[in-house]
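Novice: Structure in structure tokens, see below.
Every number here is computed from the coordinates shown, using simple stated rules; none is lab data. Only a predicted model underlies this, so the values are computations on that prediction, with no experimental measurement involved. Note: ideal-geometry Cβ built from the backbone for every residue, glycine included; neighbour counts use all protein chains shown.
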Amino acid sequence: MSIEELTFDAAGLIPAVVQQYDTREVLMVGWMNAEAVRRTAATGRSTFWSRSRQEYWVKGETSGHRQHVKQILVDCDADTLLVLVDQEGPACHTGTRSCFEHGEIEVTA
């Protein structure tokens, strides 16, 4: 599949779920535009578009907690990416391994 075939939202972004390639642990979610997807594929380093700062950022560039991209998968609607990585250190900016360790909503059904 080509980047041109992806379905970006009105802001030109697509969500990217980042998962540890061998354990399938969900680490984080980021946003990519077409150029961030291109950069990620070309460099093997997760590159995202910061919605708040309006600039590109490479995971681990500042912290050293790099993501080495193994594979980029596209969902059935081509509107979400699954980025399989080998994570160095914590993935979350809070210092935890995953961004999904900070609480849970109880399911009562």
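Novice: Name every residue in the stretch 35-89 that is farther than 20 Å from Asp22 by Cβ and hydrophobic (A, V, I, L, M, F, W, C), in order of residue number. So that I can check it myself, show each step before the final result.
Specialist: Residues of the stretch 35-89 farther than 20 Å from Asp22 by Cβ: 35-39, 41-43, 47-58, 61-64, 74-80.
Passing the criteria: Ala36, Val37, Ala41, Ala42, Phe48, Trp49, Trp57, Val58, Val74, Cys76, Ala78.
Novice: Which one of these does Trp49 not meet: (1) in contact with a strand residue (DSSP E or B) (Cβ under 6 Å, 6 or more places away or on another chain); (2) in contact (Cβ under 8 Å) with a residue 24 or more places away in the chain; (3) under 22 Å from Glu101 (Cβ atoms)?
Specialist: Unmet for Trp49, out of (1) in contact with a strand residue (DSSP E or B) (Cβ under 6 Å, 6 or more places away or on another chain); (2) in contact (Cβ under 8 Å) with a residue 24 or more places away in the chain; (3) under 22 Å from Glu101 (Cβ atoms): (3).
Novice: If you don't mind, there's one more thing I want to ask. Could you check, for the stretch 93-107, whether at least one of its residues is on the phi > 0 side of the Ramachandran plot, part of a loop (DSSP other than H, G, I, E, B), among the aliphatic types (A, V, I, L, M) and over 10 Å from the mean Cα position of the chain (by Cα)? Talk me through it step by step, then tell me what you get.
Specialist: As a first pass, look at the stretch 93-107 and keep what is on the phi > 0 side of the Ramachandran plot: 95, 103.
Right, trim to part of a loop (DSSP other than H, G, I, E, B) and you get 95, 103.
Among the residues that remain, those that are also among the aliphatic types (A, V, I, L, M) are: none.
No; the residues of the stretch 93-107 include none that is on the phi > 0 side of the Ramachandran plot, part of a loop (DSSP other than H, G, I, E, B), among the aliphatic types (A, V, I, L, M) and over 10 Å from the mean Cα position of the chain (by Cα).
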